[in-house]
Each structure stands twice: as structure tokens, then as C-alpha cells.
Amino acid sequence: MRFPALVLALQLALPITAGAQRLDASRLPSPCDYARCAYNIIAALHGLRVVRGAEEVQVATLGFLWTRDISDAFDGEGHEAARIAVRARRWGALFTDVGLALLASGAISAATNDLDRGSANLMLAGAASVGVSVPLQFLADKHLARAVWQHNARYAVETR
């Protein structure tokens, strides 16, 4: 009866030691190298493009006025940073879009009815909304840069 108990104990202990020795998948050596698989960020009129390798193959775009979820282009810690970037960009885009709509409404109202208090208030609210969006857009950029950095860390060669 002691032998089956010993075998069972070894089977239960093996996954624990194997799990402790396992490396994060993003840190494992890859057949892909930095020149072919590292990410970069390139500015575009409609947002920030995430491109891969020296050929700059487009992977994703973090749009300025609205964005799709780009977190699937990243894994590990980069995935979470990309999710935060998308969330911040969506809030920033909401404030930008509302602000631009209010500015346009106020300008149209001022052009048709002269500059009255209502159109001035619309334009002020629009400017304030766009002003609130700027730090949110920069926050999204910061988290996207973090996601790219974490993606590229797997290709770093450690020298000592």
C-alpha cells in the first residue's frame, strides 16, 4: 500500500516543480528575430499604426477618433497594456468626438444667428471637451508604447 501512495505523491508533486521551472511563453527563445518581428509605432493621420519588422507590416492601428480592440496583437504583459491603451483611447475619442460636435454646432449656430450666448456656450463646452481628451489620448499613447516595449523585450539579447 505504501508504493501506490508514493507514486501518487510523486505525481502530485511533479506538476508543481515543473510549473515553477516553466518560462513565460513570451520570454522563450523564438525562431523570429528582432529585425523581422519587433513592433514599432508609426504616426498616421487617423491614429498610431503598430507595424512589425523592418518591412513595417501593419499589425494594428490605435485610431484617434475611434479604435478597435488591438490587444490581440500582443501577449503576456503587453496584452494588458494594449487593453488599457484601447480603453484610454476610447474615452479620449469620446471626449474628442463630442467636443468636435459641440464646436461645429456652436460655429454653425453663430454663423446663422450671430454669436449669441447659446452658440458661445456650445463652443466653450466643445473646447473644454477637446481639452479633456488630450491627456487621455496621451495616456493611451503611453500604454501603447509600453505594450510595444513589452512585446519587443522577448527579442532583447542579454549581455553580462
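The values are calculated or read from the model by the stated rules, or taken from the named source; none is laboratory data. Remember, it's a predicted structure, so these values are computed and weren't measured experimentally. Every residue, glycine as well, gets a Cβ built from its backbone with ideal geometry; the counts of neighbours run over all protein chains shown. Just so you know, the surface numbers come from the protein's heavy atoms only, side chains and all, with ligands and any DNA or RNA stripped out. Shrake-Rupley method; radii C 1.70, N 1.55, O 1.52, S 1.80 Å.
Hey, what's the Cα Rg ratio for segment 48-100 versus the globular rule of thumb, 2.2 N^0.38 Å? It would help to have the intermediate numbers written out before the result.
Numbers: Rg = 12.2 Å, N = 53, 2.2 N^0.38 = 9.9 Å.
Output field value: 1.22.
Going by amide H atoms built from the backbone, whose H comes under 5 Å of the H on VAL59, apart from near neighbours?
Hits under the 5 Å cutoff: VAL50, VAL51, ARG52.
Segment 68-111: which trypsin sites (Lys or Arg not before Pro) are DSSP loop and have at most 16 other beta-carbon atoms within 10 angstrom? Show your work: numbers first, answer last.
Numbers: sites: ARG68, ARG83, ARG87, ARG89, ARG90; in loops: ARG68.
The qualifying sites are ARG68.
How far apart, in nanometres, would the label points at THR112 and ASP72 be if each is projected 7 angstrom from Cα along the Cα-to-Cβ direction?
4.3
Give me the percent of the accessible area of segment 93-142 that comes from carbon and sulfur atoms, probe 1.4 Å, all protein chains in place.
Details: 2150 of 2930 Å².
In segment 93-142, the share of accessible area belonging to carbon and sulfur is 73 percent.
Could you state the accessible area per residue of segment 29-131 in Å², with a 1.4 Å probe and every protein chain left in place?
58
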